[in-house]
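The values are calculated or read from the model by the stated rules, or taken from the named source; none is laboratory data. Everything numeric in this text was worked out from a predicted model, so none of it was measured. Every residue, glycine among them, receives a Cβ derived from its backbone with ideal geometry; neighbour counts consider all protein chains shown.
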Ligand SMILES: Cc1ncc(COP(=O)(O)O)c(C=O)c1O
């Protein structure tokens, strides 16, 4: 955009910054003297939606060893057979390095796409490898799907709360994110109907519903089986595509799985999967399964971003699936995460003051916690870190002013003992916060605006 009618020195992005010039003169440094604002003024409008997530901002403090972090969603990789994996990777490079270290197809390694279809069949999906595209984590798939479908101002429906990385992708493409309420059985079909009616009345266009049906991040709840057909039916009748994100589906603590939405409606569901939570997040291998025409467009979009996903990483995953007992490994993960979930629920029960509430996940990584009236979880976070415990405050999981009293507590990474200690410290922090609130009045003054119930706990 041009800056008409103002002084060039105020608006010209390439104009030298007088203060920087002065500093340079006094320091003798020969660095660029352009005003830092010059760069920000050149940014495209869409960058307004690109802001650091509260969770990322937290990472540096939360990762100090003395702090028990209940904040991140990092899988527990200590459970992996690292020695045999290392040998396998070395063998892969020495025997197949010419392929593994070379460019590959934009759609992904064919053998891996076949294996992905076998994995998806565990949740009832009957898919052809041609309709699968490998991505750099499912995060990239979210970016691509949004890039292909969303124009600025289009509405994306998402559960409230929702995965922070997805909200980031939607915001980056200037989507209007509208939350739909959940309860302990996941997304509420009636709330979905009402939200669609309301948004339609406002003359807005809904592009898709983004949903995490299994072991939700951050809510820890699962969409009841009997609701699944209803959600699909509502979306199909209103011409709304469903974006099903399912990185935790195989991490049910009793080995239980649920029928994927994609299994019942292949034409209207785009499905995202990932190896991050069931194998290795650092390899950044995920996938998207989409109706054929959509898949073709997604491949074109992916080509312009990465040319192709990393061949070596895909071949590592493929080898792992064909040479290791990966289903046995998933059972190990299930047991470990179940033990950690139990440690967290037990500690919450033992230590939390009256008035707190939390979800009881049957799989995945997260408990969604609601503090008593008056507590502002975001404002309290620095005080919690001083007490050497960190969490992800609820506000980061919403677009808009929701989630003040909520927090996400992750039990995936710390040991059961550390989880217990972390919850004890958090309970102390909340108790002290409540004392302050009772003495000085509510710290939580922000209004809970908007049409939807803000969380599974209050819905
Ligand atoms: C619901 C959900 N979707 C997607 C992702 C991103 O996964 P990936 O590592 O495959 O990009 C995560 C990671 O935490 C997640 O919780």
**Q.** Residue list for the stretch 339-355, filter: farther than 18 Å from residue 254 by Cβ and touching a strand residue (DSSP E or B) at 6+ places or on another chain (Cβ under 7 Å)
**A.** 348
(Q) Tell me whether the stretch 232-241 contains one or more residues that are within 16 Å of the ligand (Cβ to nearest atom), at pLDDT 95 or above and farther than 15 Å from residue 183 by Cβ. (A) no
Q) So which residues in the stretch 251-277 are more than 17 Å from the chain's Cα centre (by Cα) and within 16 Å of the ligand (Cβ to nearest atom)? A) 252, 258, 260, 261, 262, 269
Q. Just checking, how many residues over the stretch 303-320 are assigned to a helix (DSSP H, G or I) and either at pLDDT below 95 or more than 16 Å from the ligand (Cβ to nearest atom) (or both)?
A. 9
Q | Out of 383, 408, sole residue that is in contact with a helix residue (DSSP H, G or I) (Cβ under 9 Å, 6 or more places away or on another chain), assigned to a strand (DSSP E or B) and touching a residue at least 40 places away in the same chain (Cβ under 8 Å) | A | 408
(Q) I need the helices (runs of 4 or more DSSP H) fully contained in the stretch 66-179, keeping only those with at least 2 residues that are more than 30 Å from residue 409 (Cβ to Cβ). (A) 82-100, 110-121, 137-149
(Q) Given (1) in a strand (DSSP E or B); (2) in contact (Cβ under 8 Å) with a residue 60 or more places away in the chain; (3) in contact with a helix residue (DSSP H, G or I) (Cβ under 7 Å, 6 or more places away or on another chain), identify the lone condition not met by residue 395. (A) (1)
**Q.** Residue ID - farthest from the ligand (Cβ to nearest atom), chosen from residues in the stretch 278-299 that are in contact (Cβ under 8 Å) with a residue 12 or more places away in the chain and over 23 Å from the mean Cα position of the chain (by Cα)
**A.** 292
Q. Could you list, in sequence order, the residues of the stretch 207-254 that are on the phi > 0 side of the Ramachandran plot and touching a residue at least 60 places away in the same chain (Cβ under 8 Å)?
A. 215, 220
Q.
Can you find a residue that is modelled with pLDDT of 95 or more, within 26 Å of residue 394 (Cα to Cα) and part of a helix (DSSP H, G or I) anywhere in the stretch 358-375?
A. no
